[in-house]
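The values are calculated or read from the model by the stated rules, or taken from the named source; none is laboratory data. Remember, predicted model here, so these are calculated numbers, not experimental data. Neighbour counts run over all protein chains shown; Cβ positions are idealised from the backbone, glycine included. These accessible areas exclude ligands, DNA and RNA; they are computed on the full protein's heavy atoms, side chains included. Shrake-Rupley method; radii C 1.70, N 1.55, O 1.52, S 1.80 Å.
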Protein chains: 2
Amino acid sequence: MTMTPTLEDVAKRAGVSTATVSRCLNSPEKVVEETRDRVLSVVRDLGYAPNFSARALAARKTQTIGAVIPTMENAIFAQGLQAFQERLGQAGFMLLVASSSYDPDIEEEQIRALVARGADGLLLIGHHRDPNVYKFLETQNVPALLAWTYQTDRPSIGFDNHAAMQALTERALQLGHKRIGVITAPLASNDRARDRVSGIRAALKAAGHPENPLPIIETDYGISNGAAAFDRLMTADLSPTLVICGNDVLAAGALRRAQERGLSVPNDISITGFDGIELANLVTPRLTTVHVPHRTMGEAAAETLIAISQGAWTGESLCLPTEIRFGETLAPPSN
Amino acid sequence: MTMTPTLEDVAKRAGVSTATVSRCLNSPEKVVEETRDRVLSVVRDLGYAPNFSARALAARKTQTIGAVIPTMENAIFAQGLQAFQERLGQAGFMLLVASSSYDPDIEEEQIRALVARGADGLLLIGHHRDPNVYKFLETQNVPALLAWTYQTDRPSIGFDNHAAMQALTERALQLGHKRIGVITAPLASNDRARDRVSGIRAALKAAGHPENPLPIIETDYGISNGAAAFDRLMTADLSPTLVICGNDVLAAGALRRAQERGLSVPNDISITGFDGIELANLVTPRLTTVHVPHRTMGEAAAETLIAISQGAWTGESLCLPTEIRFGETLAPPSN
DNA sequence: TACCAGTGTGTAAGCGCTTACATTGCTTTT
DNA sequence: AAAAGCAATGTAAGCGCTTACACACTGGTA
């Protein structure tokens, strides 16, 4: 097994010191052209690539940003993350991604792993986590930016889940809906979902609705889960005229099952989503949903994190506007 | 600014040597319980986290696997990658992801970056790339596993794009289709797309079809792109009775536009997809498509890469079976 | 009692880089 | 012609870990 070439190998072969080779690679303007050409051609011949660990150890920075997201399968995060990584790449940063499967313990583990790997900064989803995690990040001096949420007490970049869902619900209530069901992602491990549900409750309360018997079905992400949840909602005593879903995927599943059950949407029943992913426009009829600017958020997150890592940051959280996108799944109740 | 604690800080505070602290962390059974407890409690107090770069440098392995995928936004890769990373995580490996936006130069850059970061192995999508890239990987002694493709000359794990598409096309031809159009991802930068199109051509040839005037529209990933491509296909002289799409997303876009144009699918026109993502089942009517076992592939890829990195690998490429999933978008031509 | 194996720790030599500082050999300047 | 400045390069001290090896102690065993 051949050893992979090191800086020293290059230096020896080019007849210079390791310092000069290092300079050729990192600040070429400090080396006279002749030397530089010679060194670089040796680099090419040997197929030399710098050892990142050694470089990071010596230079004390990694040009790496870590992100822990709940899942990669979710189109929401994928799109934002893609934008995030593109922007990072432009600035010469790499992205380390880990996913937690919505499990706080796994998330903490991943955060520690990313910090250990020398991430210059971290992107985290949502705001709710064990205070020790935040303490740990402070001790380690690793800045963390929260996304998909908006908080004033920590650096964050996202939107107001509560207010957005409240606005959508109010709109629906104005149409006269009284019997309402909710399908949401599991609340225990998902603060965005909780914020959205609290937005629904706030709207109900403001409209003077009885608040107790709000049927809520919690289920994992997935179209078929949305469909199953819809069934459960319909077998409850009260058959709703409006089903508010915590995200578009669940809504798409609910919509499909409604149609399979012979219900006409929105004539017999209204259904709303949240997120505004492409899927919302693809189903028939198109979903009425809350549109979230994912790309913008991802790009802004990258810029913010880079700024933080360079010590140039104002410390302001950013709240992006969301907007209700009207499809054809929301209408006044028929009875 | 407080310095983050090092092994030595812990050692000093616990009154032991750095070697002992290191042992407590990496092979606890070698340290007597009393010492270990003392050390670990100091670790906790100080919020110590090992410096990964230093560890990697000293131990000469990173427990990190890199992956370069064309895009994160694509549900196909997302699902496989999620499975990949889950399996890696179980084995104590981390995943470094980079995306290339389907650009070979960017891909090469990303590969170099991942290698420099000490990836113990790489997951790459597809097989076609500059020979120098493979040479570089060999020089660096970094094993690479190709996925979403099946090749016998290099370690790979995937499926036969050509054969799968050929099978689907043959099936369609048996129904009597004569006028056929194709919508595909850009061929230049995507060997899977090329393989699929060559599968179509092979089927046409085998069935004795004239091969030259096969209208092919190349377009980027995206539902609206699929729709636009469908329009272009229909404005061509020959209006097809069958539109074969290179992936489900393009197919979904084509389907939607067909319906918007007042065409009944599959009565007036048949449309097929490829990939078998959830989307295929969500549209109405459901897509007839080729189903690819993404999770299985992702998991197998993880296991293979771990095996390779531990020197325990048989060297066999793996070809997973695909299967035609019949929805309701394929039927005999009406005229 | 002297010897040994076994166990728990310490010592110290790297791992492959970066970078502050020292050195060399020119040009300029005075 | 000597002093000074400057540009290009070399020297070597780490960065924070892992781990081979050395060492000290224990409790058998001969």
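Given the conditions (1) farther than 28 Å from residue A:318 by Cα; (2) touching a strand residue (DSSP E or B) at 6+ places or on another chain (Cβ under 6 Å); (3) polar (S, T, N, Q), report the number of the one that residue A:41 does not fulfil.
Condition (2) is where residue A:41 drops out.
Here are some residues: A:67, A:119, A:54. Which one is open to solvent by less than 10 Å² (accessible area, probe 1.4 Å) and at pLDDT 90 or above?
Details: A:119 fails: at pLDDT 90 or above; A:54 fails: open to solvent by less than 10 Å² (accessible area, probe 1.4 Å).
Only one candidate qualifies: A:67.
Just for strands (runs of 3 or more DSSP E) wholly inside segment B:195-280: which have at least 1 residues that are open to solvent by 30 Å² or more (accessible area, probe 1.4 Å)?
Details: elements: B:216-218, B:242-245, B:270-272.
Where strands (runs of 3 or more DSSP E) fall fully within segment B:195-280 and carry at least 1 residues being open to solvent by 30 Å² or more (accessible area, probe 1.4 Å), they are B:216-218.
Listed here are the residues, each with its yes/no results for (1) without any contact (Cβ under 8 Å) to a residue 60 or more places away in the chain; (2) near DNA strand C (Cβ under 8 Å from one of its atoms); (3) closer than 21 Å to residue A:118 by Cα; (4) open to solvent by 10 Å² or more (accessible area, probe 1.4 Å).
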| site | (1), (2), (3), (4) |
| --- | --- |
| B:7 | yes, no, yes, yes |
| B:13 | yes, no, no, yes |
| B:22 | yes, yes, yes, yes |
| B:36 | yes, yes, no, yes |
| B:43 | yes, no, yes, yes |
| B:50 | yes, no, yes, yes |
| B:80 | no, no, no, no |
| B:85 | no, no, yes, yes |
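Would you be able to tell me the number of residues in segment A:181-194 that are under 18 Å from residue A:163 (Cα atoms) and open to solvent by 30 Å² or more (accessible area, probe 1.4 Å)?
2
Regarding segment B:312-335, can at least one residue be identified that is assigned to a helix (DSSP H, G or I) and open to solvent by less than 10 Å² (accessible area, probe 1.4 Å)? Outline the logic, then answer.
The initial filter retains those residues of segment B:312-335 that are assigned to a helix (DSSP H, G or I), namely none.
No, there is no match, as no residue in segment B:312-335 is assigned to a helix (DSSP H, G or I) and open to solvent by less than 10 Å² (accessible area, probe 1.4 Å).
I'm checking my understanding of the structure. Among residues of segment B:24-34 that are surrounded by 13 or more Cβ atoms within 10 Å (Cβ to Cβ) and farther than 22 Å from residue A:133 by Cα, which one is nearest to DNA strand C (Cβ to nearest atom)? Before you say what the answer is, go through the steps one by one.
We begin by selecting, within segment B:24-34, every residue surrounded by 13 or more Cβ atoms within 10 Å (Cβ to Cβ); these are B:24-25, B:31.
From what is left, the residues that are farther than 22 Å from residue A:133 by Cα are B:24, B:31.
On the way: B:24: 8, B:31: 4 Å.
Residue satisfying both the conditions and the ranking: B:31.
I need the full set of residues from segment B:1-51 which are of a type in the set (S, T, N, Q) and either over 30 Å from residue A:311 (Cα atoms) or within 8 Å of DNA strand D (Cβ to nearest atom) (or both), in order please.
Just the residues of segment B:1-51 that are of a type in the set (S, T, N, Q), to begin with: B:2, B:4, B:6, B:17-18, B:20, B:22, B:26-27, B:35, B:41, B:51.
Within segment B:1-51, B:4, B:6, B:17, B:18, B:20, B:22, B:26, B:27, B:35, B:41, B:51 qualify.
Output the residues belonging to segment B:96-107 that are of a type outside the set (D, E, K, R), free of Cβ contacts under 8 Å to residues at least 60 places away in the same chain and surrounded by fewer than 23 Cβ atoms within 10 Å (Cβ to Cβ).
In the first step, residues of segment B:96-107 are kept if they are of a type outside the set (D, E, K, R); the result is B:96-102, B:104, B:106.
Still in the list and also free of Cβ contacts under 8 Å to residues at least 60 places away in the same chain: B:96-101, B:106.
Result: B:100, B:101, B:106.
Considering only segment A:64-179, give the strands (runs of 3 or more DSSP E) lying wholly within it that have at least 3 residues that are at the interface with another protein chain (Cβ under 10 Å from one of its Cβ atoms).
Numbers: elements: A:64-69, A:94-99, A:121-125, A:144-147, A:156-158.
So the answer is A:64-69, A:94-99.
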